[in-house]
Amino acid sequence: MLNESTLQSPKFLRNILWLDLITGLVTGLLQVAMPSFFAQQYGLPITLILASGMGLFAYALLLTFLLTRRVMPAPYLRLLVVGNCLWPVACLWVALGAGLSVTPLGQINLLGQAGFVAGLATLQGMCLRRLSHKSL
């Protein structure tokens, strides 16, 4: 269980950002390297697979910028939290409401991404609120 001192630790926030960066890069690399495979397995358009993979690279650049700073600028951290709040919404829409023929495996993947990224957003937001008065 997370306690208040953990959530107030800049090191904990950095660890969450590292997890976000690594998982985003791996996912993006896989999607860009094998778009046809994922399109077939998930029942999604290749263009969506490629676009989301490239989007993850852009997101990883922002994370890299933040993680290489001694003090992380709070506005950029807020931008990350907003992005991580929107990603699950997009995943749910694609999985359940976009009118695509998403396979059961694709739905599992999208719902899993939604849950994982919502968890990251929650932790990042909790840390950011508690650290807003301190150096990030």
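The values are calculated or read from the model by the stated rules, or taken from the named source; none is laboratory data. This one's a predicted model, so the numbers in the text were calculated from it and none came from an experiment. Glycine gets a Cβ as well: all are built from the backbone with ideal geometry, and neighbour counts include every protein chain shown. These area figures cover heavy atoms from the full protein model, side chains too; ligands, DNA and RNA do not enter into them. Shrake-Rupley method; radii C 1.70, N 1.55, O 1.52, S 1.80 Å.
Send over the per residue convex hull volume for segment 1-103, Cα only, as a whole number of Å³. Kindly include the intermediate steps, with their values, before the conclusion.
Numbers: hull volume 12.3 nm³, N = 103.
Normalising the Cα hull of segment 1-103 by residue number yields 119 Å³.
With all protein chains present and a 1.4 Å probe, how do TRP18, TRP87 order by accessible area, largest first?
Numbers: TRP18 120, TRP87 70 Å².
Largest accessible area first, the residues go TRP18, TRP87.
How much FRET efficiency would the formula 1/(1 + (r/R0)^6) give for THR122 and VAL32, where r is the Cβ-Cβ distance and R0 is 25 Å, rounded to 0.05?
Calculated transfer efficiency: 0.35.
Rolling a 1.4 Å sphere over the protein heavy atoms, what is the accessible area per residue of the chain, to the nearest Å²?
I get 56 Å² per residue for the chain.
Which FRET efficiency value, to the nearest 0.05, is calculated for LEU2 and ARG78 with the Förster distance at 30 angstrom and r the Cβ-Cβ distance?
Approximately 0.90, to the nearest 0.05.
Express in nm, to one decimal, how much length is gained between PHE57 and LEU100 on full extension, taking 0.36 nm for each residue of separation and deducting their alpha carbon distance.
Values: separation 43, 0.36 × 43 = 15.48 nm, distance 2.46 nm.
Length gained between PHE57 and LEU100: 13.0 nm.
To the nearest 20 Debye, how big is the dipole of the chain about its Cα centre, given +1 on the beta carbon of each Lys and Arg and -1 on that of each Asp and Glu?
The calculated dipole for the chain is roughly 560 debye.
Positive end of the charge dipole of the chain (Lys, Arg +1 and Asp, Glu -1 on Cβ, about the Cα centre): tell me which of LEU96, LEU21, LEU66 has its Cα farthest that way.
LEU66
Only helical DSSP H runs with n ≥ 4 go in: add -39500 (n - 2.57) per run for the chain, normalise by residue count and round the 222 nm mean residue ellipticity to 500 deg cm²/dmol.
-27000 deg cm²/dmol
Taking the 0 to 90 degree range and rounding to the nearest ten, how far is the long axis of helix 104-131 tilted relative to the main principal axis of the chain, both from C-alpha atoms?
It works out to around 10 degrees.
When the accessible area of the chain is computed with all protein chains present and a 1.4 Å probe, what percentage of it is carbon and sulfur?
Using a 1.4 Å probe with all protein chains present, the chain comes out at 71 percent carbon and sulfur.
Using Cα atoms only, what is the angle between the long axis of helix 10-33 and the major principal axis of the chain, expressed in degrees (0 to 90) to the nearest 10?
Around 20 degrees separate the two axes.
For Cα pairs less than 8 Å apart in space and 6+ apart in sequence, what is the mean separation divided by the residue count of segment 74-136, i.e. the relative contact order in percent?
Working: 42 pairs, mean separation 29.5, N = 63.
It comes to 47 percent, rounded to a whole number.
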